[in-house]
Amino acid sequence: MNVIATFEIAYYQYLNEASLLVETLPSDLKNPHELQKIYRLMVLLRTFDSKAIALQRTGKLGTYPSTRGQEATFVGIGAALQKSDVFVPYYRDVGVLMQRGVKLSDILLYWGGDERGNYSSMAEDFPYSVPVGSQPLHAVGIATAIKIRKQKRAVLTVCGEGASSQGDFYEAMNVAGVWKLPVVFVVSNNQWAISVPRSAQSASQTIAQKAIAAGLQGEQVDGNDVIAVYERVSQALKRARETNEATLLEIITYRQSDHTTADDASRYEPQGVREEEWKKEPIERLKKYLMNTNAWTEEQEHALHKECASDVEKIVHEYINAVPQAPESMFDHLYETLPDIYAEQREHVSHKEAVAHG
Ligand SMILES: Cc1ncc(C[n+]2csc(CCOP(=O)(O)OP(=O)(O)O)c2C)c(N)n1
Ligand SMILES: [Mg+2]
């Protein structure tokens, strides 16, 4: 017997659970302003998230998926992406979208429910939608177009560890490997797929090693450490842009919430786990580091919370007072030239609307 293949999976952490740097700070983040910016975004995201849940509980928003506890994942990804890269989201991506020019009031409109629905969605990157495992396929399609056009851009897509069990996920990685496509697959491993725990999701020791069979590099990243997320995503994007090599990043974190506001995790989540995991949560971890390095003060902290609360109030005001978009606008951001069959349907919908509203 000869061993003909071996592999290892690296785990990356920069800022450990005790807020101590265990690796050299990446050069992009050496200026304290950079980490302060990232910290502000994480606090804004959490403030927005709590408000969105409160709006749903008081009947002012439809079903909403929280990102509580996962702020480092999404803020880190958003900070690492360059403007010319393409982002292909799933439904827990507010922290990225808010850095891609999407207004937070539009995100509320998206989750607003039928009556307040924002039909055209956000077309800055890929239309915002709620796929569970199809988006990696869309990402490799876009990456193929980028490669054919010889552009220096990367595509990044995110899905959950639950979605990584789907055939679509493996198919997308396979084609990215064999066609050498400039794509980064991120799996946000938050330990739950609604009520299915990670242990029941896959017998694979890591999700990252799913990359190996497709010929890609796979690695694990501490998802409660925004420095690690930023740096590993940045490196993977750079490799994609410069060498067309795809990467799978398994970002390990914990869902500090129900799956969505339509779920009740207390029915299946073992008692005490969430509290234990909370000790590792990303915002406090970075705050302690900033304070320990004299890059943040209690006064700044107080001012930031006030500022975020006031920003979120403005966002909610915009949302509550938004004029719902016309239903026919759902046809307006899909094609450069609308095919005849949809043009007819568009006409039909707008006519029905006109009749309904006299
Ligand atoms: C193809 C498909 N299967 C199932 C569902 C129902 N569904 C919605 S979210 C979800 C769980 C996904 O979990 P995970 O991929 O871990 O992402 P997370 O929500 O934890 O971020 C499921 C099963 C769906 N929307 N689409
Ligand atoms: Mg999950």
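A few remarks follow.
- Virtual spin-label span in nm between D311 and E23, 7 Å along Cα→Cβ: 2.7 nm
- Segment W179..E299, full-extension length gain: 38.0 nm, with 0.36 nm per residue of separation and the alpha-carbon distance subtracted.
- Note that the range 254-269 has calculated 3J(HN,Hα) couplings of 9, 6, 8, 6, 5, 4, 9, 5, 8, 10, 10, 5, 5, 7, 9, 7 Hz, one per residue in order, obtained from phi through the Karplus relation 6.51 cos²θ - 1.76 cosθ + 1.60 (θ = phi - 60°); glycine and proline are x.
- Calculated from backbone phi, Karplus (6.51, -1.76, 1.60) coupling profile of the range 151-156 in Hz, x at Gly/Pro: 8, 9, 9, 10, 10, 10
- Per-peptide average of other Cβ atoms within 10 Å, ordering 84-94, 139-149 highest first: 84-94, 139-149
- Dipole magnitude for the chain: computed about the Cα centre from +1 point charges on Lys and Arg Cβ and -1 point charges on Asp and Glu Cβ, it is near 620 debye.
- The range 9-89 - percent relative contact order, Cα under 8 Å, separation 6 or more: 20 percent
- Of the residues L15, M42, L25, the one whose Cα sits farthest towards the positive end of the charge dipole of the range 8-52 is M42 (charges of +1 on Lys and Arg Cβ, -1 on Asp and Glu Cβ, taken about the Cα centre).
- Accessible surface for the chain, divided over its residues, is 48 Å² per residue with a 1.4 Å probe.
- Accessible surface of the chain [probe 1.4 Å, protein heavy atoms]: carbon and sulfur percent: 52 percent
- By average C-beta atoms within 10 angstrom, highest first, the peptides 199-210, 166-177, 328-339, 67-78: 67-78, 166-177, 199-210, 328-339
- In terms of distances greater than 28 angstrom between alpha carbons, the cross-link table entries K180/K280; K51/K288; K180/K210; K103/K306 yield K180/K280.
- Three-way shape label, the chain, alpha-carbon gyration tensor, a/c 1.5: oblate
- At R0 = 22 Å, FRET efficiency that the Cβ-Cβ distance of I148 and K238 yields, to 0.05: 0.60
- Chain lengthening between S199 and Y11 when straightened (0.36 nm per residue, less Cα-Cα): 65.8 nm
- Using just its DSSP H runs of length 4 or more, each adding -39500 (n - 2.57), the chain gives a mean residue ellipticity at 222 nm of -13500 deg cm²/dmol after division by all residues.
The values are calculated or read from the model by the stated rules, or taken from the named source; none is laboratory data. For clarity, every value in this text was computed on a predicted model and none was experimentally measured. No Cβ is skipped: glycine too gets one built from the backbone with ideal geometry, and neighbour counts run over all protein chains shown. Accessible surface areas use protein heavy atoms only, side chains included; no ligands, DNA or RNA. Shrake-Rupley method; radii C 1.70, N 1.55, O 1.52, S 1.80 Å.
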